[in-house]
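Notes for the one structure printed next.
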Amino acid sequence: MASTRFSLSRSINLILKRHPFSSSPRFAPKALLKSYPCPLWSSSFSFCLQTLHHSISPYLSSSSSSFSSCSSLSPPSLASSVTVDDSIGSNPLLQDFDFPPFDIVEAKHVRPGIRSLLKKLESDLDELEKTLEPSWPKLVEPLEKIVDRLTVVWGMVNHLKAVKDSAELRANIEEVQPEKVKFQLRLGQSKPIYNAFKAIKESPDWQLLSEACKRIVGAQIKEAVLNGVSLEDDKREQFNKIEQLICRNWRLSHKFSENVLDATKKFEKLITDKKEIDGLPATALGLAAQTAVSKGHENATAENGPWMITLDAPSFISVVLHARNRALLEEVYRAYITRASSGDLDNTPIINLILKLLLEKAKLLNYNNYAEVSMATKMATVDKAEELLEKLRSASWDAAVQDVEELKSYSKSQGASEADSLSHWDISFWSERLRESKYDINEEELRPYFSFSKVMDGLFNLAKILFGIDIEPADGLAPVWNKDVRFYCVKDSSGSPIAYFYFDPYSRPSEKREGAWMDEVVSRSRVLSRNGTTARLPVAHMVCNQTPPVGDKPSLMTFREVETVFHEFGHALQHMLTKQDEGLVAGIRGVEWDAVELPSQFMENWCYHRDTLMSIAKHYQTGESLPEEVYLKLLAARTFPCWFSKSLPGQLNSFCPCFILIRFACLDLELHTKYIPHGSESVYDVDQRVSRITQVIPPLPEDRFLSGFNHIFAGGYAAGYYSYKWAEVLSADAFSAFEDAVLEDSKAVKEIGHKFRETVLALGGGKAPLEVFVEFRGREPSPKAFLRRNGLLPVTACT
């Protein structure tokens, strides 16, 4: 996953996430959570942040004389821009630094730090509105600095909340959130700023602007309108009230995510009888014993227990795939699908309020529903998104029906008493057994071949082959928030640093949000150059929740976890390899939401490329390569129905097959187009209705997966979940360029990889995504590669 916020906030979010890092070893602060979830999903920024997206730094072509180029900027002084009262000068959130001081920021720093910062930014905004002119130096540069500073500090805080959560941190964030929201509303609805951008577009020099700059200006004007700037006074006042509620609602979105985390942590099942966990592989037993030790059972061992089962992904997935105890399967499954749906952690009221406020906002803006608002800044329209989903649904239905019948037949052949009436908690277990039988693949037996260090080495080598970059460990250069976090430097072919990134790989259920995501810490920017001559370098962070090391064994990954790392790395590459110097369209900033998953899903394809897979699949003890026959089985099993994902809503979405994502996407659009909050149907009624046409086995009546659906209620994918399938069509077609050239032709692969880097990864939001794709592929996208890869089109139809 890779971004954050509803359609508007995406651009904003992106902007807010800028920080000063230049090509010199010094950089300036910033750390935002993204999530683009994947991702790219993020809860780092409030809905209101959309308004902040108005800091643009377009530059003119060299023939222009009216607007000065960003290159003429004097080097920004971070120290001067963050001057605060001496009494709080020791607050790490307010100090000048090269990399964010993740290791020393504490909850107690949040309230005084944010309040002092907002006071300073209010003063800066006052000055900007008094002195601004419709030119880059007088509008974009000071605005970008205001936005960037807020992004830096607030981003640090929210990132820590996602990876190092605590009750004290939550309380401090919630206390200052309304004050931050108030400032954001004022900034986002500034008529002087809005009018200045309009003046730039109406200027005779408009045609002299670069394509990237025109996109920036157009986006700012569009989003300003969507933020209510052009409404009449009475309607604008009403809009502002709703917007304030929406921003407070984003406090509710934080609460939504917190409830999911707390509900996940709340479930703990201690098992002392090994018979109850019969079937669990050794890795799962070791993890369960290690968890038990952390909960006070000091003598727990993998062999003798006791074992602690949780809803954290590594534990939960192992149980539903391998446990032979049907009572345990049912208990764990039911606990998962009802997370955060009752008692103090019930997310249902939050869901209803979010949907109600978004609908009211859309109506004020003269849209029929919130989905139309969302699509105003995307590639697709509501009709086009629904058309794509229906085509995929109808093309997948017969195959899904056959899959279910095959599963029933297989379980019956194995003597399963439940074969004639498989329950939801049986599906994942028997699907895994069928997959093992059909392809002779046991994912647990593959773990020894995928040690964390070897996977990362292979991934970095692939990046070198395709994109001509070197990735080197840089641990110790930047402070980190946990001892397991790694830090890397990305260098070009000349050996010069061009980017940096953090990687937080392991699950920590007591403090870390579930899922996987990438977010920017700092974006490339000429305006925020540290030395005034070279653009600030981008910095990213990748976060996963894979199986941690157990005992003296390294982290041994499942193949799905390998795919997750490749996916998030794809997001990071688009952020880090951008060549856009205009910060507002650098990397993932300004990229339409439904195109942002293209690089991430593109990278997943390489997990099935023989040379790539063989380079990472080495037994951690013997060094033996993965047997050739096993690789061929993995390849054959690629389109096998991933039933555990179909049974586990919202979990590891990047590996879900076509059908489950169609269900989620259709439900998302239904809730944001036709659903009437507090009407005759509940949100769960809508889910049941949609599932009847998108799931061969409809969910249980008591299924409440929506109460844990972080993506659309706390992760920026509202009316945008379809983008996973939209971008998957693009990514499959992009990867087919390598297939067409024959993957074994190393010279051709390097040439196409270079072209991919110079287009998809380099151009960022400075060019419309369809034009970027055409520049790479030489034509508009075709769905053939996507259908072929999913087994929905004969191979011969694509030749």
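The values are calculated or read from the model by the stated rules, or taken from the named source; none is laboratory data. Worth saying up front: this structure is predicted, and the values here are computed from it rather than measured. Here Cβ is always computed from backbone atoms with ideal geometry, including for glycine, and neighbour counts include all displayed protein chains. The area values use the complete protein model at the heavy-atom level, side chains included, leaving out ligands, DNA and RNA. Shrake-Rupley method; radii C 1.70, N 1.55, O 1.52, S 1.80 Å.
Worth pointing out:
- Accessible area (Å², per residue) of the chain, counting only protein heavy atoms and a probe of 1.4 Å: 34
- Label sites at SER423 and GLN402, each approximated as a point 7 angstrom past Cα along Cα to Cβ, lie 3.1 nm apart.
- Across the range 302-338, the residues whose backbone nitrogen lies under 20 Å from the label position 7 Å along the beta-carbon direction of SER510 are 302, 305-316.
- Spread over its residues, the convex hull of the C-alpha atoms of the range 447-585 is 124 Å³ per residue.
- Take each peptide in 583-590, 676-683, 467-474, count the other Cβ atoms within 10 Å of every residue, and average; sorted highest first, the result is 583-590, 467-474, 676-683.
- Of the trypsin sites (Lys or Arg not before Pro) in the range 663-752, those whose Cβ has at most 14 other Cβ within 10 Å and which sit in DSSP loop: LYS674
- Taking 0.36 nm per residue of separation and subtracting the Cα-Cα distance, full extension of the segment from THR272 to VAL293 would add 6.2 nm.
- Note on GLU237 and GLU387: the model spin-label points, each 7 Å out from Cα along the C-beta direction, lie 4.4 nm apart.
- Proximal lysines to LYS438, defined as alpha-carbon separation beneath 23 angstrom and excluding residues fewer than eight positions away on the same chain: LYS408, LYS412, LYS633, LYS646
- For the chain, carbon and sulfur atoms together expose 50% of the accessible surface, with a 1.4 angstrom probe and every protein chain in place.
- Kirkwood analysis of the range 267-338, using all unique Cα-Cα pairs, places the hydrodynamic radius at 11.7 Å.
- Per-peptide average of other Cβ atoms within 10 Å, ordering 423-436, 289-302 highest first: 423-436, 289-302
- Pairs beyond 31 Å (Cα-Cα), from LYS182/LYS214; LYS361/LYS512; LYS108/LYS191; LYS265/LYS483; LYS145/LYS579: LYS361/LYS512; LYS108/LYS191
- Between the range 545-614 and the range 100-146, the alpha-carbon center distance in angstrom: 32
- Net length gained if the chain between LYS201 and GLU702 were fully extended (0.36 nm per residue, minus Cα distance): 175.0 nm
- Dipole magnitude of the range 86-230, debye to nearest 20 (Cβ charges: Lys/Arg +1, Asp/Glu -1, about Cα centre): 460
- Net lengthening on full extension, HIS619/GLU744 (0.36 nm per residue, minus Cα-Cα): 42.6 nm
- When the convex hull of its Cα atoms is projected in every direction, mean area for the range 86-230 (nm²): 10.2
- Applying a DSSP loop filter and a limit of 16 other Cβ atoms within 10 Å to the GluC sites (Glu not before Pro) in the range 299-388 leaves GLU303.
- Simple Cβ-charge dipole of the chain, Lys/Arg +1 and Asp/Glu -1, about Cα centre, in debye nearest 20: 1180
- For the range 447-585, the dipole from Cβ point charges (+1 on Lys and Arg, -1 on Asp and Glu) about the Cα centre works out to 80 debye, to the nearest 20.
- Probe 1.4 Å - accessible area at TYR620, Å² to nearest ten: 70
- Applying 1/(1 + (r/R0)^6) with R0 = 35 Å to the Cβ-Cβ distance of LYS119 and ILE676 gives a FRET efficiency near 0.25.
- Of the whole protein surface, SER417 contributes about 110 Å² of accessible area at a 1.4 Å probe radius.
- Over 20 Å (Cα to Cα) - which of LYS356/LYS384; LYS491/LYS750; LYS161/LYS553; LYS161/LYS356; LYS235/LYS356; LYS222/LYS356 fall in this group: LYS356/LYS384; LYS161/LYS553; LYS161/LYS356; LYS222/LYS356
- Principal-axis analysis of the Cα atoms of the chain puts helix 559-576 at an angle of about 10° to the longest axis.
- Percent of Cα pairs exceeding the 42 Å cut-off, where the set is the chain: 26
- GluC sites (Glu not before Pro) restricted to the range 729-777 and DSSP loop, no more than 11 other C-beta within 10 Å: GLU744
- Charge dipole of the range 86-230 about the Cα centre (unit charges at C-beta), most positive-ward option of GLY228, PHE97, HIS109: GLY228
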